Amino acid sequence: MYTTNIWSISHELDLFRWGEQCDVASWDSYPSNKDHPSVIAFRHDVIRGLKKGKPFLLMEQTPSQQNWQAFNAQKRPGVMRLLSYQCIAHGADGIMFFQWRQSLGACEKFHAAMVPHVGHENTRIGKELSKLGKELQYLQDKIIDSRTESKVAIIMDWANWWGVEYSSGSSVDLTYIDRIMKYYKALYDLNIPLDIVEPTSDLSKYEIVIAPLLYMVSDASIENINKFVSRGGTFITTFFSGIVDEDDSVRIGGYPGAFKELLGIWVGEVDALYPDMNV
């Protein structure tokens with residue numbers, strides 16, 4: 001079995017292509033104490049989406065603090081347990097920790113561990129880890145290989161991400177993941193489970209598909225979305241979608257290009273306001 005622990009949901013790597021090379025998706029989750037729970041959940045859902053909904057592994061999380069963030073706060077009592085169960089709830093078949101015994105030297109000597117510098121686990125963190133272990137032992141294999149049955153999907157595409165942010169476009173403040181998170185957080189706050197999918201993924205099981213800022217779209221993706229809508233699905237997209245093809249060439253005929261007929265609208269002009277303007 002082949003896997004690799006993906007470090008983050010990064011702009012640089014197309015993780016869907018990465019997932020094709022792995023038997024099981026796995027990753028390292030190191031949220032900040034300042035991260036909203038929806039941000040952490042989103043990252044788990046992206047990793048689950050790499051293998052089309054199959055369970056993933058959490059290869060690394062810290063029992064408490066990191067040592068490489070700007071402010072390396074301790075996880076407050078109970079937070080490690082909550083984060084562990086959040087990961088399982090979003091599709092993990094297993095969770096692991098970095099590190100077993102706290103290093104004595106080098107760059108990660110102040111990174112938390114299951115056995116800290118004191119040399120034993122009779123600590124607050126150690127007690128929380130023991131409690132979590134007993135709870136997970138009670139679950140045994142009841143949730144192994146379980147799937148999240150979502151009726152909603154959000155389309156995410158790395159080529160589109162690059163296209164949006166590398167283009168010399170209308171506004172420097174137009175960022176792709178921020179657009180996705182506006183929709184993701186709204187659904188998260190309503191306790192609506194969802195999948196993260198590609199534009200060419202099988203959409204047949206979904207009732208609603210949301211494609212924020214789908215600026216770059218191939219002919220195959222257009223056909224896939226049109227087929228979804230023709231079967232009764234609800235497609236939601238945003239401004240600046242359907243504008244270019246997979247080569248970043250503008251689709252002629254006016255905006256929103258690829259989705260003009262599907263949406264039944266024509267956009268005459270696109271404007272970008274300065275931060276101090278509202279009209």
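The values are calculated or read from the model by the stated rules, or taken from the named source; none is laboratory data. Here the structure is a predicted model, which is why all the values come from computation and not from measurement. Counting neighbours? That spans all protein chains shown, and the Cβs are built from the backbone with ideal geometry, glycine included. Only protein heavy atoms, including side chains, enter the accessible area calculation; ligands, DNA and RNA are left aside. Shrake-Rupley method; radii C 1.70, N 1.55, O 1.52, S 1.80 Å.
Annotations for the structure displayed:
- Normalised convex hull volume, the chain, alpha-carbon set, Å³ per residue: 166 Å³
- Expressed as a fraction of 2.2 N^0.38 Å, the C-alpha radius of gyration for the range 154-227 is 1.15.
- Estimated vicinal HN-Hα couplings, Hz - the range 115-121 in sequence order (Karplus 6.51, -1.76, 1.60; Gly, Pro = x): 10, x, 4, 5, x, 8, 9
- SER170 sits among other residues whose Cβ lies under 12 Å from its own Cβ, and their net charge, with Lys and Arg +1 and Asp and Glu -1, is -3.
- Accessible carbon and sulfur surface of the chain relative to its total accessible area, %, 1.4 Å: 54 percent
- When its C-alpha radius of gyration is set against 2.2 N^0.38 Å (N residues), the range 111-246 gives a value of 1.49.
- For the range 166-173, putting each phi into the Karplus relation 6.51 cos²θ - 1.76 cosθ + 1.60 with θ = phi - 60° gives couplings of 9, 6, 7, x, 6, 8, 5, 7 Hz, in residue order, rounded to whole numbers and with x for Gly and Pro.
- Each DSSP beta bridge with both residues in the chain is either parallel or antiparallel, and the antiparallel ones are about 10%.
- Using a Förster distance of 35 Å, the FRET efficiency for ARG101-ASP141 (Cβ separation, nearest 0.05): 0.75
- Rounded to whole numbers, the Karplus 3J(HN,Hα) couplings from phi for the range 226-241 are 4, 5, 4, 5, 5, 8, x, x, 9, 10, 10, 9, 10, 4, 6, 10 Hz, using 6.51 cos²θ - 1.76 cosθ + 1.60 with θ = phi - 60°, and x at Gly and Pro.
- Where only DSSP H runs of four or more residues are counted, the chain gives -9000 deg cm²/dmol as its mean residue ellipticity at 222 nm, each run worth -39500 (n - 2.57).
- Solvent-accessible surface of the range 224-279, averaged per residue with a 1.4 angstrom probe and all protein chains in place: 70 square angstrom.
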